[in-house]
Amino acid sequence: MGAALAATMLAGHALAADAKTIGVSIPAADHGWTAGVVYHANRVADLLMKEHPDLKVIVKTSPDPATQANALQDLEVQGIDALVILPTDPDPLVNAMKEIKSKGTFVSIVDRAPSTNDDSVRDLYVAGNNPALGEVAGKYIAENTPDAKVVVIRGLPIPIDQQRQDGFDKGIEGSKVEILDRQFGNWNRDDAFKVMQDYLTKYQKIDVVWCQDDDMAVGVLQAIEQAGRSDIQYVVAGAGSKDMIKKVMDGDKMIPVDVLYPPSMVGTAMELTAAALYDQVPVKGTYTLDATLVTKENAENYYFPDSPF
């Protein structure tokens, strides 16, 4: 009886020694794409905890950098073996990430890279291909409407926005595509609606709209419809939301294509982080997802009607 009890206690100590905690810090679901991020973070957290009974995954959402900095402190106090973070705005959070990493914690950054994105800040970086998201859109416009007058709705003034913008400029290089204006829509449909209203007032002829995000495209389409403008031939956005993919599938002339930038990438980062903790496989470095052009021919492959985004 004593031997059995001792064995049970030893097993309990072994389990406690193997117990791991992954902290996941992500933006609050303030628009469709981040709602998708929250959905996939919670979905993969459940899967990982089923796969590893001794693993605890704590998911925290934050609406802004200051709140997220507090969330990181809270995770640090709770004791984490790894951090997966999709920053609301990366540069203000660099010092907090460095401090966590300096304690031997495995740090994975998702999507929004800080200006200095090296192994002093993180072990792993997982992202969509931001330059390619812009370049794929630019090339499509240059090839299909080579003389187009284009208005651009940017995201937020952070590094990935500039990467997308630079990619777009590369995509239209050598063509006669003319950029009439570029304004920030903050990856928000209401803000994009207002920017588009402004464009429609300022410019009598617009051929194409490029906006960096499917959420903003909702506001853009609404503004065009309300203004009753028929000069705009189409809108190119990006992310792969189910509503935009459905429009592509249905042959909607205003949304002929979309460019993938999946919110499920947070799950990819969580899976790789767990592999680093448990399987001791080499996952350090950069993991980049493709920016696929979604067309009527392949749209069905990317349509997930049950997703929140």
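The values are calculated or read from the model by the stated rules, or taken from the named source; none is laboratory data. Just so it is clear, the structure is predicted and the values come from calculations on it, not from any experiment. No Cβ is skipped: glycine too gets one built from the backbone with ideal geometry, and neighbour counts run over all protein chains shown. The area values use the complete protein model at the heavy-atom level, side chains included, leaving out ligands, DNA and RNA. Shrake-Rupley method; radii C 1.70, N 1.55, O 1.52, S 1.80 Å.
Counting only helices (runs of 4 or more DSSP H) that fall entirely inside region 91-207 and contain at least 3 residues that are touching a residue at least 60 places away in the same chain (Cβ under 8 Å), the qualifying elements are 130-144.
Right, Tyr203: aromatic (Phe, Trp, Tyr) and open to solvent by 10 Å² or more (accessible area, probe 1.4 Å) or not? So Tyr203 passes the test. Condition (residue is assigned to a helix (DSSP H, G or I) and farther than 27 Å from Gln163 by Cα) applied to region 279-295: is it met by at least one residue? For region 279-295, residues assigned to a helix (DSSP H, G or I) and farther than 27 Å from Gln163 by Cα: absent. Within region 141-150, which residues are in contact with a strand residue (DSSP E or B) (Cβ under 6 Å, 6 or more places away or on another chain) and either aliphatic (A, V, I, L, M) or under 14 Å from Val294 (Cα atoms) (or both)? Hits for region 141-150 are Ile141, Ala148, Val150. Screening Pro262 on (1) assigned to a loop (DSSP other than H, G, I, E, B); (2) farther than 26 Å from Gln163 by Cα; (3) in contact (Cβ under 8 Å) with a residue 60 or more places away in the chain shows it passes everything except condition (2). With respect to the conditions (1) more than 27 Å from Arg122 (Cβ to Cβ); (2) open to solvent by less than 40 Å² (accessible area, probe 1.4 Å); (3) hydrophobic (A, V, I, L, M, F, W, C); (4) assigned to a helix (DSSP H, G or I), Ala269 falls short on a single one, namely (1).
Residue check: Leu55 meets all listed conditions (1) over 28 Å from Asp213 (Cβ atoms); (2) open to solvent by 30 Å² or more (accessible area, probe 1.4 Å); (3) touching a Ser or Thr at 6+ places or on another chain (Cβ under 9 Å) but one, namely (2). Regarding Asp161, is this residue open to solvent by less than 10 Å² (accessible area, probe 1.4 Å) and over 20 Å from Pro146 (Cα atoms)? Yes; evaluated as a whole, the condition is true for this residue.
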